[in-house]
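Report on the structure given below.
The values are calculated or read from the model by the stated rules, or taken from the named source; none is laboratory data. For clarity, every value in this text was computed on a predicted model and none was experimentally measured. FYI the Cβ positions are ideal-geometry reconstructions off the backbone, even for glycines, and counts take in every protein chain you see.
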């Protein structure tokens with residue numbers, strides 16, 4: 001298994017990613033645009049999700065494809081971002097055709113970054129609708145990782161979080177990729193060490209090449225929590241899109257989203273808590289044939305999980321400092337070379 005050419009979500013042909021953010025707000029929006037509507041599904045395992053249009057993605061429901069997926073900061077206020085993306089798509093003539101109208105299908109999920117030191121005194125209406133429009137307008141194949149878009153205000157236990165991505169290619173020619181906005185209550189590193197839980201899956205030193213600690217910390221399972229004394233419900237979330245160019249049904253895309261959640265458990269300790277809104281969207285563009293053998297689909301599921309783990313670690317590894325941060329970046333705490 002090797003990463004794709006850019007090791008980004010956009011190694012899946014037909015997908016672009018746009019980011020828009022506000023440094024004073026310490027928050028932002030990330031949008032994944034589908035050049036053609038893609039088969040879409042979702043699986044939620046966190047106890048405090050904030051979402052839009054996720055019921056529509058259930059396999060038994062009518063709409064099969066989405067035009068875009070939105071990640072936003074701002075807690076429930078950030079759901080406005082999807083309206084901005086929808087407005088941009090409508091101006092392009094995009095969307096589901098019904099009764100002579102075009103309705104862009106834009107599922108969205110939010111993370112809680114209200115308490116990260118940014119100025120949230122935005123007045124009557126939040127800025128997220130306009131940030132959503134700007135993110136859609138900026139969507140490209142190449143995009144930055146770390147402190148950008150929905151990752152600008154993200155934090156984890158004791159460190160800044162961020163936006164991360166990774167990709168991988170199966171021997172059968174199918175590609176899988178992930179994009180993660182990492183704002184977890186738990187920790188991406190093992191105990192008090194600099195080493196990432198996701199280390200066994202790392203490719204080409206993409207998050208420092210440190211491997212696992214040797215010896216392991218005396219208490220590697222020590223539970224480090226962000227805001228342990230406050231632990232407000234909904235104050236954390238890791239949002240992921242896992243995408244493939246394989247032709248999948250909506251039910252198969254749902255299964256891939258379910259399996260991709262294993263990547264959370266391999267990269268964050270703990271994950272899927274009552275105070276995380278952890279979820280995985282899945283997009284299948286269909287540019288490659290459906291895996292014909294059962295074992296090939298199992299391989300795709302396993303690789304989706306490991307790719308999610310890598311994307312989560314890259315998000316934290318790539319974070320950069322900014323004025324007013326409440327937590328240091330991984331590089332500030334552990335040094336650039338680890």
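For the stretch 54-66, how many residues are buried (at least 16 other Cβ atoms within 10 Å of the Cβ) and either over 19 Å from residue 90 (Cα atoms) or within 17 Å of the chain's Cα centre (by Cα) (or both)?
Here the count works out to 3.
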Residues satisfying the stated conditions in the stretch 48-57, i.e. in a loop (DSSP other than H, G, I, E, B) and in contact with a helix residue (DSSP H, G or I) (Cβ under 8 Å, 6 or more places away or on another chain):
50, 53
In the list 151, 164, 146, which residue meets the criterion of being buried (at least 22 other Cβ atoms within 10 Å of the Cβ), touching a helix residue (DSSP H, G or I) at 6+ places or on another chain (Cβ under 9 Å) and within 16 Å of residue 24 (Cα to Cα)?
151
Of all residues in the stretch 67-104 being in a loop (DSSP other than H, G, I, E, B) and in contact (Cβ under 8 Å) with a residue 12 or more places away in the chain, the one that is surrounded by the fewest Cβ atoms within 10 Å (Cβ to Cβ):
95
Could you list, in sequence order, the residues of the stretch 5-47 that are buried (at least 19 other Cβ atoms within 10 Å of the Cβ) and assigned to a loop (DSSP other than H, G, I, E, B)?
7, 8, 12, 25, 26, 46
State which residue is surrounded by the most Cβ atoms within 10 Å (Cβ to Cβ) when the search covers only the stretch 277-320 and only residues that are out of contact with any helix residue (DSSP H, G or I) (no Cβ under 9 Å at 6 or more places or on another chain) and under 22 Å from residue 112 (Cβ atoms).
314
How many residues of the stretch 279-320 are closer than 29 Å to residue 50 by Cβ and free of Cβ contacts under 8 Å to residues at least 24 places away in the same chain? The answer is 0
When residue 336 is evaluated against the numbered criteria (1) out of contact with any strand residue (DSSP E or B) (no Cβ under 6 Å at 6 or more places or on another chain); (2) modelled with pLDDT of 95 or more; (3) within 26 Å of residue 149 (Cα to Cα), which criterion, by number, is the only one it fails?
(2)
Identify all residues within the stretch 165-197 that are farther than 17 Å from residue 281 by Cα and outside any loop (DSSP other than H, G, I, E, B); write none if there are none.
168, 169, 187, 189, 196
